[in-house]
Amino acid sequence: MESFYQNKKIIVTGAAGFIGSNLTDKLLELGARVVGIDNLFNGRLENLKEAFKNKNFEFVKGDIRDLNLLLDLFKDADIIYHEAAFTSVPQSVLMPNTCNDVNINGALNVLNSARIRDVELVVFASSSSVYGDTPELPKREDMKRVPISPYGVAKLACESYMQVFYYLYGIKTISLRYFNVFGPRQKDSPYSGVIAIWLGNILRNEDLIIFGDGTNSRDFTYIKDVIQANLLAGQYDAKGEIINIGAGCPINLTKLAKLMLKITNRENLNIIYTDPRPGDIVHSFADITLARKILNFEPKFNQEQGLRDYIQWYIKNYKVNLKFS
Ligand code: UD1
């Protein structure tokens, strides 16, 4: 793996974000030269603290909707990891145009720039939200996709663009359908992922809120496994493939809330149930047979292992007072 990435010029869009910054650190560790782009809307420079110490890292504050910027930065690039996005499902329900603009037009700029600059491969961060609420579980890549939020529609459109650019222009592309990624650097904000929100609640001694009756389930996937999937995808002779990246072991929200309270010794806090959230999928669970077969991907963290690793990181980085059990 090390020799493959050594000295390659790699672009990471969304480099200051949760997934982008973790990917950037790993690529730098493997000897790559990384150019990170981020408009700092969601991303934070704090996430790139380690990267800034590395002479092989360059950061550019900019927007993926700026075609000229991408054309300039993509010169001589070997691989583009396109992680920048409007990431929140509920926010996409409130702001469908912005979501469309960032996620679809932005991805199209990335593809066009990659084509013009003869970049070898584009790895795209897609999402399990493309499946929508169809009843069949676990989700296999060839199943029906019926997105139920503007966010899901946009990710689905981008997957198609990735394939079309391979067929029309011969650029290698691969889309990784992430299933609820969590871990270090995920922001604790009202529009963030549920695990980061609840960890924030726990640290502030607040009750946990569940939208709906708690039976909604997700295949929460630990960030380290997602980074591993990206490294494998970067070495794959891609032809527009679309591949689920999940842990393959779903958990419902009530069980997740109880597990988090137990691990952190905060079982005194309450779980409060409220109205379901518009645009939410009920169940999400990945079949990862294809990822195993073509990428040799094997998740190493189930939810509890991931949560423990995440919380340990949190305690170390923020010196918080939390007892582990
Ligand atoms: C998440 C990602 C999205 C990604 C998708 C699939 C975020 C913000 N969204 O969407 O980018 O494409 O996974 O990988 O990371 N919930 C509560 N209480 C809360 C917050 C959420 O009960 O305080 C519930 C939601 O109603 C939902 C579940 O938790 O049922 C998961 O929500 P969330 O973490 O926002 O993720 P997704 O919407 O699945």
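When you restrict to C-alpha pairs under 8 Å that are six or more residues apart and normalise by the size of the stretch 33-142, the relative contact order lands at 28 percent.
Structural descriptor for the chain: relative contact order 16 percent, calculated from alpha carbon pairs under 8 angstrom and at least 6 residues apart.
Multiply the residue separation of Lys239 and Lys49 by 0.36 nm, subtract the distance between their alpha-carbon atoms, and state the gained length in nm to one decimal.
Values: separation 190, 0.36 × 190 = 68.40 nm, distance 3.49 nm.
Working it through step by step, the gained length comes to 64.9 nm.
Give me the dipole magnitude in Debye, nearest 20, for the stretch 1-126 about the Cα centre, with unit charges on the beta carbon: positive for Lys and Arg, negative for Asp and Glu. Numbers along the way, then the final one.
On the way: 13 positive and 16 negative charges, 25 e Å.
That gives a dipole near 120 debye.
Counting alpha carbon pairs within less than 8 Å and at least 6 residues apart, what relative contact order, in whole percent, applies to the stretch 18-84? Working shown, then result.
Values: 57 pairs, mean separation 24.2, N = 67.
Contact order relative to length: 36 percent.
Protein heavy-atom surface of the stretch 8-68, 1.4 angstrom probe: 49% of the accessible area is carbon and sulfur, with nucleic acids and ligands not counted.
Determine the sum of side-chain charges near Ile19: Lys and Arg each +1, Asp and Glu each -1, restricted to other residues whose C-beta is under 15 angstrom from that of Ile19. Charge balance in the 15 Å sphere: +3.
Hey, what number do you get for the chain at 222 nm if only DSSP H runs of n ≥ 4 count, each worth -39500 (n - 2.57), divided across all residues, to the nearest 500? Walk me through the intermediate numbers first.
On the way: 11 runs with 114 residues, N = 325.
After summing the helix terms and dividing by residue count, I get -10500 deg cm²/dmol.
Note on the chain: dipole from Cβ charges, positive end direction compared against Met95, Leu137, Ile10; the farthest Cα belongs to Ile10.
With the cut-off at under 16 Å, measuring from each backbone N in the stretch 266-299 to a point 7 Å along the Cα-to-Cβ line of Phe211 picks out 272-284. Phi angles of the stretch 268-279 translate, via the Karplus equation with coefficients 6.51, -1.76, 1.60 and θ = phi - 60°, into HN-Hα couplings of 6, 6, 9, 10, 10, 9, 9, 4, x, 8, x, x Hz per residue; Gly and Pro are given as x. Ligands, DNA and RNA left out, the 1.4 Å accessible surface of the stretch 188-316 is 52% carbon and sulfur atoms. Here's the picture: charge each Lys and Arg Cβ at +1 and each Asp and Glu Cβ at -1 in the stretch 186-250, and of Ile210, Gln235, Tyr222 the one pushed furthest to the positive end of that dipole is Gln235. For the chain, the longest principal axis of the Cα atoms and the long axis of helix 106-116 meet at an angle of about 30 degrees.
Using θ = phi - 60° in the Karplus curve 6.51 cos²θ - 1.76 cosθ + 1.60, the 3J(HN,Hα) couplings for the stretch 22-37 round to 5, 5, 4, 4, 5, 5, 5, 4, 8, x, 7, 9, 10, 10, x, 10 Hz; x is entered for Gly and Pro.
Annotation for the stretch 224-265 versus the stretch 54-120: alpha-carbon center distance of 23 Å.
Excluding same-chain neighbours fewer than eight residues apart, the lysines reachable from Lys172 by a Cα-Cα span under 23 Å are Lys8, Lys9, Lys26, Lys75, Lys155, Lys239, Lys293. Kindly express, to the nearest 10 degrees and within the range 0 to 90, the angle between helix 303-318's C-alpha long axis and the longest C-alpha principal axis of the chain. So the helix axis and the longest Cα principal axis differ by about 80 degrees.
When the trypsin sites (Lys or Arg not before Pro) in the stretch 178-282 are filtered for DSSP coil states and for at most 12 other beta-carbon atoms within 10 Å of their beta-carbon, the remaining sites are Arg204, Lys239.
Quick check on the chain: of the DSSP beta bridges with both residues there, what percent are antiparallel, nearest 5%? Roughly 5 percent of the beta bridges in the chain run antiparallel, per DSSP.
Over the stretch 106-207, average the accessible area per residue using a 1.4 Å probe and give it in Å², no decimals. Intermediate values should be presented prior to the final figure.
Numbers: 3920 Å² over 102 residues.
So the stretch 106-207 comes to 38 Å² accessible per residue, rounded to a whole number.
For a straight C-alpha distance cut-off of 16 angstrom, the aspartates and glutamates reachable from Lys262 (same-chain residues fewer than eight places away being disregarded) are Glu206, Asp207, Glu304, Asp309. Relative to the dominant Cα principal axis of the chain, helix 150-169 is inclined by about 30°.
Can you bin the stretch 80-163 into rounded, prolate or oblate? Criterion: square roots of the alpha carbon gyration tensor eigenvalues sorted a ≥ b ≥ c, rounded for a/c under 1.5, prolate for a/b above b/c, oblate for the rest. Walk me through the numbers on the way to the answer.
Details: a/c = 2.67, a/b = 1.39, b/c = 1.91.
Judged from the Cα gyration tensor, the stretch 80-163 comes out oblate (a/c at least 1.5, b/c at or above a/b).
Spin-label model, Lys255/Lys316: points 7 Å from Cα along the beta carbon direction are separated by 2.9 nm.
The values are calculated or read from the model by the stated rules, or taken from the named source; none is laboratory data. Being a predicted model, the structure only gives us computed values, none of them experimental. No Cβ is skipped: glycine too gets one built from the backbone with ideal geometry, and neighbour counts run over all protein chains shown. Each accessible area value is taken on the protein alone, full model and side chains, heavy atoms only, with ligands, DNA and RNA left out. Shrake-Rupley method; radii C 1.70, N 1.55, O 1.52, S 1.80 Å.
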